[in-house]
1. Mind checking the angle between helix 97-109 and the chain's longest principal axis? C-alpha axes, 0 to 90 degrees, to the nearest 10.
2. For residue 35, list long-range residues whose amide hydrogen, built 1.01 Å from N in the peptide plane, is under 5 Å from its own amide hydrogen.
3. Per DSSP H run of n ≥ 4, the term is -39500 (n - 2.57); total these for the chain, divide by its residue number, and report the mean residue ellipticity at 222 nm rounded to 500 deg cm²/dmol.
4. Using only Cα atoms, find the angle between the long axis of helix 120-136 and the longest principal axis of the chain, and express it within 0 to 90 degrees, rounded to the nearest 10.
5. Counting only residues 5 or more places away or on other chains, whose amide H sits under 5 Å from the amide H of residue 221 once H atoms are built in the peptide plane?
6. For the range 14-94, what size does the Cα cloud have along each of its three principal axes, sorted from largest down, in whole Å?
7. When each pair of different Cα atoms in the chain is counted once in the 1/r mean, what is the Kirkwood radius in angstroms, to one decimal?
8. When you count, for each residue, the other Cβ atoms within 10 Å and take the mean per peptide, how do 208-217, 132-141 rank with the highest first?
Amino acid sequence: MTEAVLRIEKLQKNFGALKATDDVTLDLKPGEIHALIGPNGAGKSTLIAQISGGLSPDSGNIYLGQENVTGLSIAARAKRGLGRCFQISSLAMPLSVRRNVMMASQAVTGTSFSFWKQTDNDQKLLEAAEKVLARVGLEPRADVPVAELSHGERRQVEVACALALKPKVLLLDEPMAGMGAGGSERLTGFLEELKLEVPILLVEHDMDAVFRLADRISVLVYGQIIAQGSADMIRQDPLVREAYLGT
Ligand code: ADP
Ligand code: MG
């Protein structure tokens, strides 16, 4: 059996009486996209926050490779290769796309970076940023301030920032949200390629994208995983159709 890159075991997070994630177990293997689907309020974002380190679970464990990272900070997890999409709200609006990506890669390399003067480090960060921008197709927009981008382009910048950290695992929470059809289509194509390099845990509401991309799907309802399996299995599961797909 292939070794999981990311494994979470029995994650429990309560907000008062609400069980936001209730005994959630899942893993992510090399080369795959594992999609996490479920209705609004199911606990998807709460789960992602526990994996990335923004929220501490009440109980359960998170492993990156062999290492138990449950007690580690967001930064320590990022250094170990846990990549997550930056929120649009964390992008620096007046700065260019390129500068935003440079700042993101600086966060993990620990390289110092100044807005005011050029250094050798800037050159390294610049080269890394150019590579990432080319990959996500943002090269022509590199000099544009983030404030002037469309919503879809900002989401692409988020993915670029996550990739700048050279992650071993990528967590994406609704990357297609608010994107037009063209943007979703481009991002889907990109994620299809990217997963071969970086396995992805994908939270997404766009079911066309999920069924096209996911190798495996976990369905979360009221904090619990009610079904887990291949995309075909999930599509045909009567419990899932009733609880989530509404058919
Ligand atoms: P999803 O991402 O699947 O839509 P969330 O993980 O955002 O769901 O939320 C799961 C449940 O936990 C919801 O009922 C939400 O209201 C609740 N919740 C999320 N964050 C908090 C919080 N910080 N404090 C209290 N309740 C929360
Ligand atoms: Mg959410």
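Values in this text are rule-based calculations from the coordinates and carry no lab data. If you're wondering where the values come from, they're calculated on a predicted model, not measured in any experiment. Using ideal geometry, Cβ is built from the backbone for each residue, glycine included, and neighbour counts are taken over all protein chains shown.
1. Approximately 70 degrees, to the nearest ten.
2. Hits under the 5 Å cutoff: 202, 215, 216, 217, 218.
3. -10500 deg cm²/dmol
4. That works out to roughly 50 degrees.
5. Placed amide hydrogens put 226 under 5 Å from residue 221.
6. The Cα atoms of the range 14-94 stretch 41, 34, 26 Å along the principal axes, largest first.
7. Its Kirkwood hydrodynamic radius stands at 18.6 Å.
8. Taking the mean over residues of other Cβ atoms within 10 Å, the ranking is 208-217, 132-141.
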